[in-house]
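Engineer: Got a structure for you, questions after.
The values are calculated or read from the model by the stated rules, or taken from the named source; none is laboratory data. Being a predicted model, the structure only gives us computed values, none of them experimental. Virtual Cβ from ideal backbone geometry, glycine too; neighbours counted across all protein chains shown. Ligands, DNA and RNA are excluded from the accessible area calculation, which covers all protein heavy atoms including side chains. Shrake-Rupley method; radii C 1.70, N 1.55, O 1.52, S 1.80 Å.
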Amino acid sequence: MITLKNIEKVYRTSSIETLALTRLNLHIQAGEFISIMGPSGCGKSTLLNLMGLLDAPSQGQVEISGQAVTQYRDKELARLRNQRIGFIFQSFHLINDLSVLDNVEIPLLYRKGDATGASRRQLAGEALERVGLSNRMKHFPSQLSGGQKQRVAIARAIVGRPDIILADEPTGNLDSAMGTEIMNILQQLKADGSTIVMVTHDETMAKRTQRLVRLFDGAVVGDSVLGSEGKKV
Ligand code: ADP
Ligand code: ADP
């Protein structure tokens, strides 16, 4: 589903060069739920940004479903991102003066074709149902708990039915009960067929995924399959 081949990522700012990823190879299969762990600054966000086609590697190839996207133009990348990838962030990134329903509709505004107002509302309503928030559609983000905000953000991520979900510390701002709730929803999305890549600092959350990749200094230093009990197999 997502293949990274010999990736190198260098950030250049005036005279400073930072090597964020180096000789990184990773293959993620369709339907996997995988967590990425590692100390701050080891390249986790950079890796997620490359998989999400938000940034390009300095060297190497990014492939989505076997298609190398490195040569794609911005417009093609944007289209692919819009159709196939849903993003979830630690800090939710909801728009405070839009209702829950309007927030969830946002990704559909960037789609051409059949998305009329009525069909957008219907799709957004269905996405909110999947995260158990049908009863909060007219609320505003400030009226929700952190866990509810993240559920709205998940609804927004899945409203366009992407097959890949990228989550950057989705439980990082939540207490453990709310974090567990978010993990339950992600596990349900995985069961329904989504491929999910989650960056986390939380071992407990990582153990609820099927595979744990550890990064250090921009390279993969560990890659283990987790059993259903979260143990190494
Ligand atoms: P993590 O998500 O694991 O904390 P990042 O991917 O954010 O790590 O960062 C990896 C390295 O790249 C760090 O040394 C960071 O300072 C650097 N870096 C990240 N983004 C930029 C940027 N836009 N410009 C320059 N350096 C960056
Ligand atoms: P944090 O996890 O510290 O809250 P964010 O979730 O805000 O950080 O951002 C994680 C990464 O995603 C950053 O590298 C940022 O540039 C990128 N990003 C944040 N918001 C958006 C967005 N709306 N669309 C695309 N990329 C974003």
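Engineer: Please count how many residues of the range 21-35 are among the charged types (D, E, K, R) and over 13 Å from S224 (Cα atoms). Reasoning before the result, please.
Structural biologist: Of all residues in the range 21-35, those among the charged types (D, E, K, R) come to 23, 32.
Among the residues that remain, those that are also over 13 Å from S224 (Cα atoms) are: 23.
Counting residues in the range 21-35 that are among the charged types (D, E, K, R) and over 13 Å from S224 (Cα atoms) gives 1.
Engineer: Let me ask you something else. With the requirement that a residue be open to solvent by 50 Å² or more (accessible area, probe 1.4 Å), more than 26 Å from V159 (Cα to Cα) and more than 16 Å from ligand 1 (Cβ to nearest atom), what does the range 39-85 give you?
Structural biologist: Of everything in the range 39-85, those that are open to solvent by 50 Å² or more (accessible area, probe 1.4 Å), more than 26 Å from V159 (Cα to Cα) and more than 16 Å from ligand 1 (Cβ to nearest atom) turn out to be Q61, Q71.
Engineer: Can I ask one more? Can you name the condition, by its number, that T204 falls short on among (1) part of a loop (DSSP other than H, G, I, E, B); (2) more than 16 Å from ligand 2 (Cβ to nearest atom)?
Structural biologist: Among (1) part of a loop (DSSP other than H, G, I, E, B); (2) more than 16 Å from ligand 2 (Cβ to nearest atom), the lone unmet condition for T204 is (1).
Engineer: Going through the range 133-160 one residue at a time, which ones are among the small types (G, A, S) and more than 20 Å from Q122 (Cα to Cα)?
Structural biologist: S142, S145, G146, G147 - these are the residues of the range 133-160 that are among the small types (G, A, S) and more than 20 Å from Q122 (Cα to Cα).
Engineer: Only one of I16, I88, I28, I36 is buried (at least 17 other Cβ atoms within 10 Å of the Cβ) and away from ligand 2 (no atom under 15 Å from the Cβ). Can you tell me which? Spell out the reasoning first.
Structural biologist: Details: I16 fails: buried (at least 17 other Cβ atoms within 10 Å of the Cβ); I88 fails: away from ligand 2 (no atom under 15 Å from the Cβ); I36 fails: away from ligand 2 (no atom under 15 Å from the Cβ).
Going through I16, I88, I28, I36 in turn, just one is buried (at least 17 other Cβ atoms within 10 Å of the Cβ) and away from ligand 2 (no atom under 15 Å from the Cβ): I28.
Engineer: Can I ask one more? Among the residues of the range 70-89, is there at least one that is free of Cβ contacts under 8 Å to residues at least 40 places away in the same chain and among the β-branched types (V, I, T)?
Structural biologist: We begin by selecting, within the range 70-89, every residue free of Cβ contacts under 8 Å to residues at least 40 places away in the same chain; these are 70-81.
In the following step, the residues that additionally are among the β-branched types (V, I, T) were identified as 70.
So far as the range 70-89 goes, yes, one or more of its residues are free of Cβ contacts under 8 Å to residues at least 40 places away in the same chain and among the β-branched types (V, I, T).
Engineer: Are any residues in the range 39-49 more than 11 Å from ligand 2 (Cβ to nearest atom) and under 13 Å from L19 (Cα atoms), and if so, which ones?
Structural biologist: Within the range 39-49, the first condition is being more than 11 Å from ligand 2 (Cβ to nearest atom), and the residues that meet it are 39, 41-43.
G41, C42, G43, listed by residue number.
Engineer: Residues of the range 149-185 being assigned to a helix (DSSP H, G or I) and more than 14 Å from T204 (Cα to Cα), which ones? Talk me through it step by step, then tell me what you get.
Structural biologist: Here is the first cut: in the range 149-185, the ones assigned to a helix (DSSP H, G or I) are 149-158, 176-185.
Passing the criteria: K149, Q150, R151, V152, A153, I154, A155, R156, A157, I158, I185.
Engineer: Same structure, new question: Testing A124 on (1) crowded, with 18+ Cβ neighbours inside 10 Å; (2) more than 16 Å from ligand 1 (Cβ to nearest atom); (3) of a type in the set (A, V, I, L, M); (4) in contact (Cβ under 8 Å) with a residue 40 or more places away in the chain, one condition comes back false. Which one is that?
Structural biologist: Of everything listed in (1) crowded, with 18+ Cβ neighbours inside 10 Å; (2) more than 16 Å from ligand 1 (Cβ to nearest atom); (3) of a type in the set (A, V, I, L, M); (4) in contact (Cβ under 8 Å) with a residue 40 or more places away in the chain, A124 misses just condition (4).
Engineer: Before we move on, is T3 open to solvent by less than 60 Å² (accessible area, probe 1.4 Å), touching a strand residue (DSSP E or B) at 6+ places or on another chain (Cβ under 9 Å), within 21 Å of L212 (Cβ to Cβ) and more than 11 Å from ligand 2 (Cβ to nearest atom)?
Structural biologist: yes
Engineer: Can you pull out every residue in the range 124-147 that is within 26 Å of E169 (Cβ to Cβ) and part of a loop (DSSP other than H, G, I, E, B)? Let's see the steps before the verdict.
Structural biologist: First, pick out the residues of the range 124-147 that are within 26 Å of E169 (Cβ to Cβ): 124, 127-133, 136, 139-147.
Selection gives V131, G132, L133, H139, F140, L144, S145.
Engineer: Of the residues that make up the range 184-191, is at least one in contact (Cβ under 8 Å) with a residue 24 or more places away in the chain, away from ligand 2 (no atom under 13 Å from the Cβ) and under 13 Å from I36 (Cβ atoms)?
Structural biologist: No, there is no match, as no residue in the range 184-191 is in contact (Cβ under 8 Å) with a residue 24 or more places away in the chain, away from ligand 2 (no atom under 13 Å from the Cβ) and under 13 Å from I36 (Cβ atoms).
Engineer: Here's a follow-up. How many residues are over 19 Å from A30 (Cα atoms) and surrounded by fewer than 18 Cβ atoms within 10 Å (Cβ to Cβ) when one looks only at the range 182-201?
Structural biologist: Of the residues in that region, 2 qualify.
Engineer: Do any strands (runs of 3 or more DSSP E) lying entirely in the range 17-123 carry at least 2 residues that are within 24 Å of Q188 (Cβ to Cβ), and which ones are they?
Structural biologist: Details: elements: 33-37, 59-64, 85-89.
In the range 17-123, 33-37, 85-89 are the strands (runs of 3 or more DSSP E) which contain 2 or more residues that are within 24 Å of Q188 (Cβ to Cβ).
Engineer: Test each condition in (1) in contact (Cβ under 8 Å) with a residue 24 or more places away in the chain; (2) more than 17 Å from the chain's Cα centre (by Cα); (3) away from ligand 2 (no atom under 16 Å from the Cβ) for E63 and report the one that comes out false.
Structural biologist: Every condition holds for E63 apart from (2).
Engineer: Restricted to the range 161-180, and to residues that are touching a Gly at 6+ places or on another chain (Cβ under 6 Å) and buried (at least 19 other Cβ atoms within 10 Å of the Cβ), which residue is nearest to R121 (Cα to Cα)?
Structural biologist: P162
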